[in-house]
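Note sheet for the following structure.
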Amino acid sequence: MSDRVLRGALRLYPAKYRREWGEEIAAVFAGITAGAGRWAVARELFDLAGHGVRARLGLRSGGTFARLAAMAAPFAAAAAAGISLMDLYALARDWLRHGDAALWVPSAPPFYYAYWIGRGSEALFLAVAGAAVFGRWTVARLLGPVAVLLAVVTWLVENLDFMAHHHTVWIRSLVGLVIQVGPQSLWVLILLAAPPDLLGPATWRRGLAAVAGVLVGGVMWGHTVMYGLFRSLSMLDGALRPAFPVCELVLLLVAVPVLRRGRYAPAAAALAGAPIGLVSLVVTIHALWSPYSRDEAMAELGVLAAVAVVGVVTAIVVESRWAPAAPERRPPTVG
């Protein structure tokens, strides 16, 4: 590994931090990677660069957001993989229903390449989840950005030609990109924001968080963006997407006062669910410009506003009643 690459990684640190600790970091890195293979050196370099970015952004291991990201990381990795798992399930279901799988593979060169790039992205997201479940966090953090990049490339190949000939659908197409890639991208960012020293080995709690991620990110969100994916959930068609931002808002309203008392679990749950809550909100706001869905979008935003008002008022009342009473001040005695 050349010194130029190492210096580039060190430049990711804040200038003051780099001046004080740069030489020591370089010496430690040289000692750790002496005689190591290329994969080991690349892994250490990735961790070094990630630590520099987190230091520049203020995401230190002792910070609140870093702790929340570490708690949400197993859910995030599994939820991103859950979406890919549902895509593969839908493809396999269609193949089994209609027989010849080759009929579902595009033959035109751009779409043919996009098809297989998309399958590669889905395989990488599944690998990210597997690595996270087994505590191989460096592997998960290396593969996550690559999977997101392949997903974006897939969308660009599939849509750029159409967008070039239909300039009026740019905003709608970009909303489609947000729906298709947004949640997975945000979950990978949560994974990258978590300091490695807070992630640790696999535990049963992290396994349960991963299962919850697959159920929420895969089954629930997958059924939301692909209507009819599961017949057993057909009664929920059209109701799941508005429910996501409402649930996220409720989690946030609960998380803030609880976090002030040193309890991190509700805030970590709110952070883990934020990607689909935000994407659902973007879709709702975009629907305001459509005459066919404007009324429904306004109703959804009205429900959000009502929940926010009730939640804030409730939080203020609870805080005022639960706040510890100030000690009674008495005048000092004389003598």
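The values are calculated or read from the model by the stated rules, or taken from the named source; none is laboratory data. Predicted, not measured: the structure shown is a model, and the values here were computed from it. As a convention, Cβ positions derive from the backbone with ideal geometry for all residues, glycine included, and neighbour counts pool all protein chains shown. The protein model used for the area step is the full one, side chains on, heavy atoms only, and it has no ligands, DNA or RNA in it. Shrake-Rupley method; radii C 1.70, N 1.55, O 1.52, S 1.80 Å.
Brief remarks on what is shown
- Filter result for residue 178 (at pLDDT below 90, of a type in the set (Val, Ile, Thr) and either open to solvent by 20 Å² or more (accessible area, probe 1.4 Å) or part of a helix (DSSP H, G or I) (or both)): yes
- Among the criteria (1) outside any loop (DSSP other than H, G, I, E, B); (2) at pLDDT 80 or above; (3) among the charged types (D, E, K, R), the one residue 241 does not fulfil is (2).
- Set 123, 72, 92: member being surrounded by fewer than 23 Cβ atoms within 10 Å (Cβ to Cβ), at pLDDT 90 or above and of a type outside the set (D, E, K, R): 123
- Check on residue 262, out of contact with any strand residue (DSSP E or B) (no Cβ under 6 Å at 6 or more places or on another chain), at positive phi, open to solvent by 30 Å² or more (accessible area, probe 1.4 Å) and at pLDDT 80 or above: yes
- When each of 31, 35, 62 is tested for being modelled with pLDDT under 80, open to solvent by 50 Å² or more (accessible area, probe 1.4 Å) and farther than 30 Å from residue 129 by Cα, the lone residue that passes is 35.
- When segment 1-17 is filtered for residues that are open to solvent by less than 80 Å² (accessible area, probe 1.4 Å) and under 21 Å from residue 194 (Cα atoms), the ones remaining, listed by number, are 9, 10, 12, 13, 14, 17.
- Options 225, 146; residue that is at pLDDT below 85 and open to solvent by 30 Å² or more (accessible area, probe 1.4 Å): 225
- In segment 95-111, residue modelled with the lowest pLDDT [restricted to those that are under 25 Å from residue 218 (Cα atoms) and not in a loop (DSSP other than H, G, I, E, B)]: 101
- Neighbours by Cβ (under 7 Å, 6+ apart or cross-chain): first from segment 132-143, farther than 11 Å from residue 196 by Cα; second in a loop (DSSP other than H, G, I, E, B): 133/202; 134/202
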